[in-house]
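These notes are about the structure you will find just below.
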Amino acid sequence: MSSTMVAMQIGTGIGWLSHRPAVIRCSLAASRPVRPIRTTAAVSLAQSALPCRSSLQRQQPAQSRSVLCTSSVSDLTDFPEPPSQPTGFDKFVETLTTMFPIWVILGAAIGIMRPSAVTWLDSDKFTYALGFLMLSMGLTLTVEDFKQCAAKPAPILVGYFGQYCIKPLLGLIIARVLNLSPALATGLILVSCCPGGQASNVATYIAHGDVALSVLMTTASTVGAIFMTPLLTKLLAGALVPVDAAGLAWSTFQVVLVPTILGVTMNELFPKVVKKITRVLPLIGVVLTTLLCASPVGQVSEVLKTMGPQLAAPVALLHAFAFGLGYFMCKVLGFNEKTARTVSIETGMQSAALGFMLAQAHFADAMVAVPSAVSVVFMALGGSALAVYWRNKPINELGDAVANKNL
């Protein structure tokens, strides 16, 4: 009997062995001499299938050979605890979270048809809600996540390039080609310079992308927003309207960076407490993000009703090109399909709520905030449509493995 057959018989006998006494003897008779086993593959396979201490008792070539498997009760029961099964509440939260694009679209529709239902979230409440959303993101992160950013820089740098180079330039080009007014052009550029939002993480999950990479990219772009958003807005829109770069930087620091750092610190110092809280964070995040998307739409609803088509075209083009360029850029660079989908979604979906808050706080013309409000709708529509399309398009695992090997 070959060594492979020995391993297979031991492996397939697990169900029987689990009901036998703790000490078990297995005799394997050989009718003819067996040559020495030169590899330990069979033994390793048997050991991986059954937690016992195995000793091959070698006898004279003409005699039979036996395997003595000795196991204590503690050996048979000393397994790591299996991961806890999701509760009904966890499944409920996950279902609501994956339906996030639907909630955003419904919120935007309510904002247009019944503005009073969402406009109660005025400037101060809006800022606090956005800050709490950033805090909730920070609570899901650890210092180790930032180390992973440093250990896996290539896709994150590509996503960073898409967020803060490709998309801002797209905003500028579209504004000029369509000859937008200075206020609308500035608003389009401002929203194109904003970091990725949490909605991109949900869309990546639906699209079977790399969720861990998506979270890391969102984190990297959020941290970088304190410098990149005001700097790029000043460079690209400074000639159109006065841009308070220092004010933009300070607001971004207060609303984005401080809550995120606070969340990470709390997660590092009080992980057990935070672990209990994080069970409800996705649900809170969905509710807050829906309100943060619906409120801007409600506040500019009259403008959207009268200038809808004129405002829709530039924003729709911005998102469509951003999704497409993010994807094809990764394909040209040889990244796998999961990474390409993730970078595409990160490039196409940004924190429009941050753009709206900055526009309200630092620009006198109310029209600067309108593109951010319109972006909410097209970001949700484009991101969810792309995510559902990719969800129904299987990934070539072999191709992804080859792409990973070549990187």
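Tabulated results
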quantity: Extension gain, Ile102 back to Leu269 (0.36 nm per residue minus Cα-Cα distance, nm); calculated: 56.5 nm
quantity: Selection of trypsin sites (Lys or Arg not before Pro), segment 211-303, meeting DSSP coil and at most 14 other Cβ within 10 Å; calculated: Arg279
quantity: J(HN,Hα) series, segment 215-225, from Karplus relation 6.51 cos²θ - 1.76 cosθ + 1.60, nearest Hz, glycine and proline x; calculated: 5, 5, 5, 4, 4, 4, 5, 5, 5, x, 4
quantity: Residue-level accessible surface for Tyr205, protein heavy atoms, 1.4 Å, Å²; calculated: 90
quantity: Proximal charge balance of Met357 [Cβ under 12 Å; K/R count +1, D/E count -1]; calculated: -1
quantity: For segment 84-232, fraction of C-alpha pairs farther apart than 25 Å, in %; calculated: 43
quantity: Neighbourhood net charge (12 Å Cβ-Cβ; Lys/Arg +1, Asp/Glu -1) for Leu236; calculated: +3
quantity: Separation in nanometres of the label points that stand 7 Å from Cα toward Cβ, at Ala151 and Ala313; calculated: 5.0
quantity: Gain in span if fully extended, Leu381 to Cys165, counting 0.36 nm per residue against the direct Cα distance; calculated: 75.4 nm
quantity: Karplus-derived HN-Hα couplings along segment 349-354 (A = 6.51, B = -1.76, C = 1.60, θ = phi - 60°), whole Hz, x at Gly and Pro; calculated: 10, 10, 7, 5, 4, 5
quantity: Accessible-area composition of segment 218-265, carbon plus sulfur, in percent [1.4 Å probe]; calculated: 79
quantity: Added length on full extension, which subtracts the Cα-Cα distance from 0.36 nm per residue, Lys91 to Asp124; calculated: 8.5 nm
quantity: Spin-label model distance (nm) - Val143 vs Asp244, 7 Å beyond Cα toward Cβ; calculated: 3.7
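The values are calculated or read from the model by the stated rules, or taken from the named source; none is laboratory data. Here the structure is a predicted model, which means the values were calculated and not measured. Cβ sites come from the backbone with ideal geometry, for glycine too, and all protein chains shown count toward neighbours. Just so you know, the surface numbers come from the protein's heavy atoms only, side chains and all, with ligands and any DNA or RNA stripped out. Shrake-Rupley method; radii C 1.70, N 1.55, O 1.52, S 1.80 Å.
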